[in-house]
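Just so you know, all these numbers are worked out from the coordinates, no wet-lab data involved. If you're wondering where the values come from, they're calculated on a predicted model, not measured in any experiment. Here Cβ is always computed from backbone atoms with ideal geometry, including for glycine, and neighbour counts include all displayed protein chains.
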Amino acid sequence: MDSSRRRVLQLLGVSALALTTKPVFNAFAKQEQAAETEAAFKDGKKSLKAKQWAMVIDTRKFESEADLEPLAEVCHKIHNVPHLQNKRHEIKWIWGTHYHNAFPGKAARFLQESVEHRPFLVLCNHCENPPCVRACPTNATFKRDADGIVFMDFHRCIGCRFCMAACPFGARSFNYRDPRPFIGETNKEFPTRMKGVVEKCNFCAERLAVGQLPACVEASNGALAFGDLYDPASEVRKLIRTNYTIRRKQTLGTEPSVYYIV
Amino acid sequence: MLELALKGGKKYYGWMTFLMVIVGIGFLFYLRQLDFGLGITGLSRDVSWGFYIANFTFLVGVAAGGVMVVLPYYLHDYKAFGKVTILGEFLAISSVLMCVTFILVDLGQPMRIMNVFLYPTPGSVLFWDTIVLNGYLFLNIIIGWNVLEAERNGVHYQKWLKPLIYISIPWAVSIHTVTAYLYCGLPGRGFWMTAILAPRFLASAFAAGPALLILCCLIIRRVSNFDPGREQIQSLAKIVAYAICINVFFFVCEVFVVFYSQIPEHMDHIKYLFVGLHGHGAYVPWMWASMILMLVGIILTVNPITRKNEGVLAVACVAIFLGTWIDKGLGMIAGGFTPSPLHEINEYIPSLPEIGIALGVWAMGFLVMTALFKIAVSVKEEVRG
C-alpha cells in the first residue's frame, strides 16, 4: 500500500469516527435539552393535564365479554386497529380476559364465582417505571414527562420487538403485515400504521389533547374512571381511597397506572 | 491478500458455488419477507422473537468462542496456538457477520436501522449489543488481517496491534455477556431471569466455538498442505471438554433452583420445553436430543482415549455443536416466550421461508469463513514453502 492511499484511508477513518460520535454526545447531552423542547411544545387551551394519568377499572360492573366489547370496539375503531383473522398476527390495544390470565400468580385455587366468570379488561398499564421504554434502542417508545403516558413514535420504531419481550403484560402488538387492508373504516384523524412496527394503547393522548376523556372511559358508563394519580382530589384517587384495588404484577416494580376494583 | 481467496481448485469453487446458491435462495425468501412483512415467519404476538434471534444468540457464542485460541497464545504465551489464532479470529469475523445479518433480517423496518445510531439510547441493552458486536467485528478484522499480512511478509506485526489484541480478549466475553443481558434483565420472563444466564451462555460458547474450530482444523488438514497440528487440536478439545461440562453443570444449577423452589413462573418454561405444558410440547424431543448430544459430547471429550482419536473427536464436536445449538438456537428463545405473560400457550414453529432465510444467513457466514480460511491457509502454505 503506498503512502498516499494510506493517508486517504486514515482521513476517511477519522472523519467516520467524528461523524458517529456526535449523536452519542447528543444523547448524553439530551437531558438538559429535554426541558427546553418540552417548554417549546404548545398545549391546546382545552387539553386535559395530569402529572401521571391513571385508570381505575371497576370490574364488578362487567358481567360478560359482551359488556367489554363496545369499549374495545370504539378504541380499535378510532385508532385504526386492523382486524386480522390470523391469531398470530392479531393486533389489540384493549381486550377482555380471565382473572387468572390478567393476574397469573394471584389466582387462588378456589375463587369467588363472580370473579371467576367476570371478564377483566387489560391494556397498556402506562407504568411509572416502564421496562419497554428501558429496552427500546431508539427511544421510539418513551414516557412523556408531561403526563406519564408511555408513548410510541411509529415512524422511528425499527421493529426490533425488544419492547414486546420487555413488557410483562403482553400489551404490545406487532404489525406482521400491512394492516391497512384490514381496517374497516379508516379514521382520518388518527394515523394508520405500516408493516413492521409495534403499537399499543396510548391512553387516547390525541383525545386528552383536545379535552376529551379516553374513548373506552367514555363508552364505559362509569365503570372506568380516569384522572391524575397525583391529584388527591381526582376521581381515580377518590376511588382508590374508598375501594380496595389491585394492579397487575405489582411485584415486578413497574408501577402500573391501571388499578382494578375486584 | 484478498486475491488468495480467488485462487482455488474445483472443489473449492464447487463448495463456494453451493453456498452462494443457498445464499441466493435465502435472499429470495428475504425479498418476500421485505414485501409481505415478518408475517411469513412463524412468529406471533406472544412469541415475538424466534429462529432469527435464537440463531443470532448462538452465533454470538461461536464468535466469542474464537477467543479460546487467542487468549492462551497472547496471554499465556502458549506457543502452539500461534498456528491457529488466525483461524479463531476469522471464525469470529464470519460469526459476527452472521449475527449482525440475523438482527437485520429480524427487524420489521430494516431500512430504519440507522435510527439506533441517530438516536443512541444508552439505557437500552440492544444499543450496547450493537456497539460491542460491531466493535468485536472491527477488532478482529484489524487484528487478524494485520497479523496475517505481517506473517506473509516475514516481519513481526505492528506494535500498535498489541493493545488491540489485549482489548479483544475481554471484549469477546463482553459480546456474549451483553447478549445475555438482553434477556436476563427483563421483568416477567421467568425463564431468562437468572443471573447465571450470561455465564451459561459463555460456557456453551466456549464449547461450541472451539468445537467448530476443531472441525475446521480437521477439514483444513484434509484439503490443504497446512496442518493446524495435533497438539493444537488436542488442546482445543480439552477446552471444549471443560466448557461443555461447565455448561451442563450450570444448567443443572438452573434446574435445581427452579424445581426445588417450585415457583411456577420459573418452572413452567422448563416444563414446557422438556415435558410439555397443557398438552403443548413441540420442543420436547429436541430438548432431550440436545441433552443427550451434550452428554455424549462430555463422555467423548473428557475420556482421553476417545478424545485422542481424531475421528471420534470429530463426532464429539458435531454432537456438542448440535447439542448447544438446539439448547440455545431453538429452545432458549421460544422457551422464554412460552407460556406468555398472560399464561397462554401459543406454540411457535419456525416457518419454511423463515428457515430458508436463516439457512441463507448461515451460508453467507460460511462463505465468508471459507474465503477467509482460504486466505489464511494459503499464506501459511506460502510461508512454509
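Couple of notes before you dig in:
- Taking Cα atoms only, the orientation of helix B:10-36 departs from the longest principal axis of chain B by about 30 degrees.
- Taking every Cα-Cα distance in region A:72-210 and sorting them into 10 Å bins from zero, the calculated P(r) comes out as 11, 39, 35, 13, 2 percent.
- Nearest 10 degrees, 0 to 90: helix A:3-40 Cα axis against chain A principal axis: 30 degrees
- Alpha-carbon Debye profile of chain A, log10 I(q)/I(0) at 0.11 Å⁻¹: -0.67
- For the segment B:126-132, counting C-beta atoms of other chains within 10 Å of every residue's C-beta and taking the mean gives 3.
- Ellipsoid semi-axes in whole angstrom, largest first, where each is sqrt(5λ) of the Cα gyration tensor of region B:243-385: 36, 22, 12
- Rg and Dmax of region B:109-181, Cα atoms only, in Å: 15.6, 47
- Dividing the summed helix terms, -39500 (n - 2.57) for each DSSP H run of n ≥ 4, by the number of residues in the protein assembly as shown produces a 222 nm estimate of -18500 deg cm²/dmol to the nearest 500.
- Amide H contacts under 5 Å for A:Tyr259, placed H, 5+ residues apart: A:Met55, A:Val56, A:Ile57
- Within straight-line reach of B:Lys380, meaning a Cα separation under 26 Å, sit the following lysines at least 8 residues removed in sequence or on another chain: B:Lys7, B:Lys10, B:Lys11, B:Lys79, B:Lys83, B:Lys159, B:Lys162, B:Lys238, B:Lys308.
- Computed with the Debye formula from one identical point scatterer per Cα of chain B, without solvent, the log10 of I(q)/I(0) at q = 0.10, 0.13, 0.14 Å⁻¹ comes to -0.65, -1.11, -1.29.
- Neighbouring Cβ atoms from other chains, within 10 Å of the Cβ of residues in A:178-185, number 1 on average.
- Using alpha-carbon coordinates, inclination of helix A:65-78 to the longest axis of chain A, degrees: 30 degrees
- Across peptide A:190-199, the average count of Cβ atoms from other chains found within 10 Å of a residue's Cβ is 3.
- The ellipsoid that matches the Cα gyration tensor of the protein assembly as shown has semi-axes, each √(5λ) in whole angstrom, of 50, 28, 21, with the longest given first.
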